[in-house]
Structure formats: C-alpha cells, structure tokens
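The values are calculated or read from the model by the stated rules, or taken from the named source; none is laboratory data. This structure is a prediction, so every number in the text was calculated from the model and none was measured. For neighbour counting, all protein chains shown are included, and Cβ atoms are generated from backbone atoms with ideal geometry for every residue, glycine included. For the accessible areas, the whole protein counts, side chains as well, though only heavy atoms, and no ligand, DNA or RNA atoms are used. Shrake-Rupley method; radii C 1.70, N 1.55, O 1.52, S 1.80 Å.
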Amino acid sequence: MTTSLVGASVPRTDGEAKVTGRAVYGVDYSEVGMLHARLLRSSVAAGRIAKLDTTHAIGMPGVHGVFTSADAPTCRAGWVIKEQHLFAHDVLRYEGEPIAGVVADTREQATAACAALEIEIEPIAPVADITSALDEGARLVHPEWEAYEPAGPADHPRRDNIACEVISDPDPDALLQAFAEAHTVVEDTYVAPRQYQAYLEPKSAVASFREGRYTVHTAHQFPFNVRDRVAQCLDVRPSSVRVLGHHIGGGFGGKLDTALEPYAALFAKLTGRPVKLVNDREEDILTCPSRENAIVRIRTALAQDGTVLARELECLMDHGAYSGEMPWLASVPMHVLGQVYRTGAARVTTTLVYTNTAPTGAFRGVGGTYLYFALEQHMDSCARALEMDRRAFRLHNLIAGGDQSLTGQTLDDAGLLREAFERMEEAAPWAEGPAESETNGALRGRGIAALTWMTNPMPGSATLKLNEDGTLGLITAATDNGTGAVTMGITQIAADALGLQPDDVVLLMPDTDAAGYDAGSQGSRTTHIVGRATATAANEVRDKVLELAARLLEADIADLELTEGHVVVTGASDRRIPLAQVAATATFSSGPIIGSGSYATQAPSFNPGCATGLLFPVFPTPTYHVHLAEVEVDPVTGRVTVTRYVVVQEVGRAINPAGVRGQIQGGVAQGLGYALYESLESDDGRYRERTLETYRLPLACDIPEVEIVLMEHPDAEGPHGAKGVAEPPIIPVAAAVATAVADAIGRPITRLPIRPDDVLAALAE
Amino acid sequence: MRLTLTVNGAEALIEVAPHSTLLNVLRDELVLTGTKEGCDEGECGACTVLVDGEAVDACLLVALSVDGAEIETVEGLTSEEGTLSALQEAFITAGGVQCGFCTPGLLMTLTALLRENPSPSNDEIREAISGNICRCTGYAQIIEAVGSVARQENGR
Ligand code: FES
Ligand code: FES
C-alpha cells in the first residue's frame, strides 16, 4: 500500500523544466514570420496631444506599420467600467498611457521608429493625488464620466473624481450615542504607499490573426479575462479570441487584467503577421496596476474595561486614471474592520479617487495589507490610551465563532482566531518579550497582528482523460503563477485519486479553446476551487476504471484499490491489472475514459442592506491567522532589522506542506518589502522609481527564516479539506512589523514604508 | 562583426551588431532562452551567466568585449546524458523554485560560488546572491538548497 500523495511534500512537476532553462515563458515564445512592436507612451501625467506626425516613422527601415487611435475600434473597454480606448484620443491621463504603436521587423527597428514619431503634447496641471482630486473645484480626470457604461449588469455609486463609493452606516444613532458615552475616544490617520508587484518576468504578448480569429500567447494569471478583454477592445465576440498560456515569471495580481495583449492582437490583424510586444522594465513599472496608495482614518469609542463600543473607518484609495478591478476592492475595508475584532456600532466609508496616475489594481492581499496595518496600529493606540496590555486588549475584543461580519456574513469558525493566538503563545510567549539583542544599543520591540481572509470563490473546472499508456491528461485553464497550485496541489489530488505519481499527470498549458472557464490565479482560489473540480473529475475516471477492472479481474468493485499504476484486489496482490491495460481496453471497446468537474463556492448569505456600492459583499471560505514580529532598531541610523518572524496560519488541509511553506516565506518577504522598503512615490503624478534599483526590493540578506505553525481544520467543501493558502501571508506583515517598531521606539508608526529617516524623525519628536 | 565564443563547451561563430549584448547573443542568436532578461539594466541578476568561470550580468556586457571567452549558461549545467547537477536537483527538492524566472541566474551565481567555496555559510550564500532578486520565494528554500549540496559534497 502506497502512502497518500495528499499531505506529502512532493516536488513541483515543472521543477525540472525550470532548473534546466527549458521552460518557455511568455517572453521566450516566438513564431515564424513574427514582427516586433513598441508603443509610444505618454511622457506626461496629464496633457493634450497637439500634434502627432507618423510620416517620418513609417518610412524608417523595417517598419511595417504605425498605428494610432484612428486604426483602433472606437469602442471603450474595461473590466468594471468601460472607460478606456486602446490609444489615447486627444487627452492624456497618466504617464505611460499608449498613444501609438510601431510594428517592424526587429525590436530595435520598432524602438527607433517609435522614437522618430513626431509628437507635441500640451501639458495640463495633473490631478496628482487623492487630496487634490477631492478639493472643491478640482479638475475632473474624466469630465465625461457620466457617459461611461458599466461592463456588467449593474452600476455602482460614482461621480466626478470619485470612481466608486461604498457607504455603510446601518445605525447612525447608536454610533453617535456610543461616541458620546465613551470613556475614551481614539482617532488615528494612516498613510500607505503604492506597491509594485515586481514579478521578475516583464509583461509580454504574441498574437496572430488567422481565419477570422485572434490567437494570443501570454504568460498570464487569468487567460479567460484576456480573452474577454481582447474581445471587448477589438469589438468581437469572446470566442473569436483564443488565449494560450505559458510559464509565468510571477504575477502577484499584476497580471490579472490585460496589458499588451489587445495591442499585439490589433497589430497582428493590421499587418497580417504574428506580432510580439514586450515591456521593458521602465514601461512595466510605469503602467503596472500597482497596489493603490491610500489614506485610512479610524476612530474608536472605548469603554473603561477595554471594550470597543463603536468604530468608524474612512478609507481613501488612489484609483489612478482608469478603472481596472478597483471598484470591487472598495468592499475590502468593510470586511477588514469587522472580521477580527468586534466593532460595536460601525460606520465605514470607502472612496476610490481618480488621479492622473497609472491605474491601480490588485496586488496579493489587496487593500488588506494597509487596512490591517492601520487597524493593528490603532489597536495599539487604543491599548495605550487605556493602559492595557496590547495582546490582552486584542483578546478582549476578538470576534468569536458565530459572530457576524459587518456585511452580515456569519463566521462560524472564527473561534480559530483565539486558537491561533494560543498557538502563537506556545511558539513565542508574549510575556517573554523580544529576545535579548546582540547589538549594542539597539532598541528592541515586538508586534502581534491577526487576520481573517477569504478564499476567492470564483468558478473553475478540470477535465481528466486517461491515456492508453495509463497516464492522466489534465486539461484546465487554471494557471500556476509559481505557487505550485497546479503543479503540486491539483496534480497531487489527481494522481492520488488514481494511484499514480505526479509525473504521470500530463498537464496541458492553459488554452481557452480547450478548457472550461477559469477565474485565474487570484485570492488563493486555485487549489481550493480547481482542486475540488479535479477531485470530482478524478472520481469519475476512477469509477469508470474500477467498473471495467472489476469485470476484467472478476472481482467486486468494493474490493479494488488503485495503487502504483495498477488496479489491485485488496489482500490479493497477485490479482492486479495495469491501469494502462484498463485504459486501452476501455478506449478500444467503449471509448476513452474521461472525467470532468466544475466548481464555484456558493456565496454565504449576507445582509444586502448593509451598505451601498458593495460589489464584493462576502468573504467565502475564511481562514484565520496570527503573525508576530520581533525587530531591532538602530537608534543612530534608524535602520530596522526583523530578527524573528512567526506565522500561525490555518489552512484547512496542507496538500503539500513544503509548498505551503514556500507561500508563507515568500508572502512574508513581500510583506517585509512593503513594511520597510517599497514605495512608488510620485512627483506631480510621475513616478520617481523607474528601475529595479531605485525601487528597493527585499534581498536575501533582508529576510529572516520565517517560523511557521500550521493549523489544519478541514473545510467541508474543499478538496481533502483544503482552503486558500497563498494570498494571506503577505497581509498582516506590515501590521506586525509596524507595531513591533512602535514598541521598540515608543512612538506610533503612521506611515509605510518605515524608512530610516522616518524612524529617526519619530525618535527625535 | 564576427564573434567567437565557446558556449557550454561548443564553439559558436556569430555575426553581431557592435552594440549587441551577450544576453542578446545568447537569447536571440543562439536561442539559448534559459538565460532570462528581467531588467536589461544590471539590477535583477536573472541574466547571470559565467564568463571564464565568473558570474556576470550578461545584459551589461557588450558581446564583442568577451570575444574568445568561455561562456556557461543554465543549459550547460545538465550533463549530456541529461543528468541534473546536484544544485539543480537541490533547487527542485528543497522548493527553491516557484515561478522559476530567477532560477537560471541564481543557479549560475551559486554554481560559481560552490566552485570557489564548497561549503559556504548561510551568510556567505546570502552575500553571494545579493545581486539576484527573487520575488517569489523569500530566499529561505534557495539557501537551504545550497546548504544541502554543500553537505553532500562534504559527506563525500
Ligand atoms: S537582466 Fe541583466 S541584471 Fe536584470
Ligand atoms: S522563483 Fe519567482 S522570482 Fe524567484
């Protein structure tokens, strides 16, 4: 009897392709007869195109075409709101916005011709930041906003420079009364930076147009979204576009919407040749939908015993110049505020604000990163005001199993939060405080932060076909952006069900023509959703195999097991038949054995009257987490070193513990980057950081080895009980580190990242 | 212009433009796409190859400046029979690979390190890869992979 693959740390199946250099990434893909394109992008944050002369560029060596808004469909496109043309029409709204494209034989020629385009831009004073966009009389980024249509059936509240607004104020009287009667009222404001996903593979696309259809090759987290957006941009039906996926050099949310794909497709049609477009790193930084910068204000009414009586949260998010998926993310503050600590009466207002900056979007953990930073810093601030222990204050207000979130979703398992605090207590007893410093004069501090997060519920599917040689073909549009969700999780689930090894599973790279719809690698959904669909498909294959094998072995189905590539009669190991033989027999008698599965999480019930503008009202399949950070602060240089980091994470069931560890270690590293180094700053709407040198990413010497405690409470719906794993570990890191630094220096931290100068300034106060 | 290189043991004669980088030559002329381009500015380390045994950023080197040199790329780490190097194996088993885009560069940097220092400390490993960005892994399992190779070597 072989041991189960589920729960085993088996290596990823694409490991060998990746360590030998044989894995083909998006940027590596090419076709015979392929041309190369470059885009002319806006050099200003706001302006008007006064003149665009393409004559000279068209005559340059190797040039096949120069294309502008006159060559593109007139329709507008967008994920949530249809606002955007492929090329700017007259008005420029952010630096990097595409104006024209050049297609040539080589990339060098395309670059040279792009530089030869004669363009005159009249700059306009940009609406550079959230605050000035909301000023009375501020210039509108989109004066024509009312004409924009929603992409889906329903619109959401928006007006002027406000791209979306969510307001929840279910009981204003109770709120007023709580603040009036409070023993103490605490109010804080926090500021968070813009964070660039900085995946190592820049965005690219190769497209062709043949027989009336577009084919797009791209290393993308969400191929079906590419299909839909390319179709929308080029005004054709979705099935006129086929999207093929390749190995993805990281995504982290930055590759969920289209970037270059519609341009490559348009150019392919206009030139009649396959066309490749690749971002250079500067273009990638300038145009990537980074995590939005934001301002968060929280106000709390406290009773003398430390009970939170009421809480108010206002969140202003920088939307950038156009909407990607941001209107959905406006729901996040409501979730965050009520799903870890009890709030009493609550009011939440979230405002997405248009500015003349690059459109913002999803980055692993979305707004949760700064909202939990703000919430946990504010929790410390409340504890200080009451002179209570910080951990005790948290436990006093912690939600419990069966409590409701602010959207009215019942959190049945929220008791796991308290358990996570207890597990953390075993790993790092609170009373011990931070470990002794080895560095003379260093200030030491410790921070703790808790988290409830969801598993994205959106649909996915898998088809399994048993090949005549006994291997298993896996067809799914789920993407493995590096997490191992497909090449470990799903593969293990499929192989395990049929007594195979992971290498016996032959994975088809995503192909929207072949696979059913899949909502992409986002919100930790792949193992949970597509794993479940795969388990269903595998059971169908298994049932068919066992039925035939029972006849071939003249045995009872109930006595059969699948192991080591064979069907075996339990207890009679000489009565066995290779899976290949069963497969071949089936194929040539009744037809090939195929199984399929589809799944989407059924939305938990909520209170539809709880807010206006809420596009994303529930947090399905929640998981519970506690993080602890220990830091040392050098009082002379202001430098912060994270000396210890502990994660307690509830995962449902770890399908691959080494893979889970990789997600936690990697997520924490990104969180430390966000907490301490990373920030896209802008001067008048133009980013200051334009290279991977000036945009400071965490390096090997910055990241401690994370201590990990896993809690397993299998989910009834998830495959083998698995819930989402990969997104949450980044989220509470800034919260834990900032509370630790504040503890070390005895001053609150109100702004991310926590840079040496800010620490020194705080110490000097 | 004419360029002669020995790439993974095989001689290559290539016509190149004067400004072509070694990275362009490897990826575009020799179609050795295992070496990656993450920035083209010497900042990410994804393009690291060995030039006469030394780890360098191929995107920063004008190809003609290394005329006659011996180049090793990720494609050359595997033996002719297809056996992976101990370091390649260790990257897979220790979980040092996620998206894998940084992997070729890291493998080359670390291959050079292990030749020079067969049992590096964790700090020496961290120092050696300070020019290689990995956005996915948080580095711990990469450092472990190197450590496990060093232990194997020492056990021999
Ligand atoms: S591509 Fe050479 S260092 Fe980044
Ligand atoms: S594994 Fe993705 S950058 Fe290192």
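The A:ILE119 and A:ASP171 beta-carbon pair, evaluated with R₀ = 41 Å, returns a calculated FRET efficiency of approximately 0.15. The accessible-area ordering, largest first, of the residues A:HIS56, A:HIS720 stands as A:HIS56, A:HIS720, per a 1.4 angstrom probe. Qualifying GluC sites (Glu not before Pro) in segment A:305-344, where qualification requires a DSSP coil assignment and no more than 11 other C-beta atoms within 10 Å, are lacking entirely.
Straight Cα distances below 24 angstrom link A:LYS723 to the lysines A:LYS255, with same-chain residues fewer than 8 positions distant left out. A Förster radius of 22 Å, combined with the Cβ-Cβ distance separating A:ASN539 from A:VAL709, puts the computed FRET efficiency at roughly 0.10.
Net charge dipole, the protein assembly as shown: roughly 1280 debye, given to the nearest 20, about the Cα centre with Cβ charges of +1 for Lys and Arg and -1 for Asp and Glu.
Between the amide H of B:VAL49 and those of B:VAL56, B:ALA58, distances stay under 5 Å, these residues lying 5 or more places away or on another chain, with hydrogens modeled in the peptide plane. The amide H of A:LEU507, built 1.01 Å from its N in the peptide plane, has A:LEU474 as neighbours under 5 Å, considering only residues 5 or more places off or on other chains. For chain A, the equivalent ellipsoid derived from the Cα gyration tensor has semi-axes of 41, 38, 23 Å, listed largest first. Placing a label point 7 Å from the Cα of A:ARG22 along the Cα-to-Cβ direction, the residues of segment B:63-82 with a backbone N closer than 18 Å are B:73-82. In order along segment A:605-621, phi translates into HN-Hα couplings of 6, 8, 9, x, x, 6, 7, 9, x, 7, 8, 9, x, 10, 10, x, 6 Hz, rounded to whole numbers, per the Karplus curve 6.51 cos²θ - 1.76 cosθ + 1.60 with θ = phi - 60° and x for Gly and Pro. Surface analysis of segment B:86-153 yields an accessible area of 31 Å² per residue, using protein heavy atoms and a 1.4 Å probe. Cβ-Cβ distance of B:ARG2 and B:ASP28, R₀ of 22 Å, FRET efficiency by 1/(1 + (r/R0)^6): the value works out to about 0.85. Annotation for the B:A interface, with buried accessible surface near 3500 Å², both sides summed [1.4 Å probe; non-protein components not counted]. Placing unit charges on the Cβ atoms of the charged side chains and taking the dipole of chain A about its Cα centre, the candidate lying farthest along the positive direction among A:ALA744, A:PHE606, A:PRO262 is A:PRO262. Per-residue 3J(HN,Hα) values for segment A:428-438, derived from phi via the Karplus relation 6.51 cos²θ - 1.76 cosθ + 1.60 with θ = phi - 60°, read 8, x, 4, 5, 5, x, x, 4, 3, 7, 8 Hz in sequence order (x marks Gly and Pro). Surface exposure of segment B:2-77, expressed per residue as accessible area with a 1.4 Å probe, stands at 41 Å². Of the beta bridges in chain A, as assigned by DSSP with both residues counted there, near 75 percent are antiparallel. With the whole protein complex present, A:VAL506 retains an accessible surface near 80 Å², based on a 1.4 Å probe.
For segment B:86-153, the carbon plus sulfur part of the accessible surface works out to 45%, probe radius 1.4 Å. In this structure the amide hydrogen of A:ARG347, modeled in the peptide plane, comes within under 5 Å of the amide hydrogens of A:ARG311, A:GLU312, A:LEU313, none closer than 5 places in sequence on its chain. Model label points for B:GLU80 and A:SER589, set 7 angstrom from Cα along the Cα-to-Cβ axis, are 4.9 nm apart. When we measure straight from the Cα of A:LYS269, which lysines land under 21 angstrom away, once same-chain ones fewer than 8 places off are left out? Straight-line reach from A:LYS269, under 21 Å: A:LYS203. In the full protein context, chain A carries 34 Å² of accessible surface per residue, based on a 1.4 Å probe and ignoring ligands, DNA and RNA.
For segment A:606-653, the gyration tensor built on C-alpha atoms gives an oblate shape. Its axis ratio a/c (a ≥ b ≥ c) is at least 1.5, and a/b is not larger than b/c. Rounded to the nearest whole Hz, the Karplus-based 3J(HN,Hα) values (6.51 cos²θ - 1.76 cosθ + 1.60, θ = phi - 60°) of segment A:150-157 follow the sequence x, 6, x, x, 10, 8, 9, x, with x at glycine and proline.
Using a probe radius of 1.4 angstrom, the carbon and sulfur fraction of the accessible surface of chain A is 49%. Counting only protein heavy atoms and using a 1.4 Å probe, the accessible area of A:GLU678 comes to about 0 Å².
With 0.36 nm allotted per residue and the present C-alpha distance subtracted, the A:ARG551-A:GLU436 stretch has 34.5 nm of extension available. Ligands, DNA and RNA excluded, the heavy atoms of A:ASP684 present near 110 Å² of accessible surface to a 1.4 Å solvent probe. Counting only protein chain heavy atoms and rolling a 1.4 Å probe, the accessible areas of A:GLU436, B:GLU41 rank, largest first, as A:GLU436, B:GLU41. If you sort A:HIS183, A:HIS246 by accessible surface, 1.4 Å probe, largest first, the order is A:HIS183, A:HIS246. Between the alpha-carbon centres of segment A:418-486 and segment A:84-154 there is a gap of 38 Å.
Would you mind checking segment B:83-121 for residues with the amide N under 20 Å from a putative spin-label position 7 Å along Cα→C-beta of B:ASN154? Those under the cut-off are B:86-91, B:94, B:110-121. Take every DSSP beta bridge whose two residues both sit in segment A:293-351; close to 55 percent of them are antiparallel.
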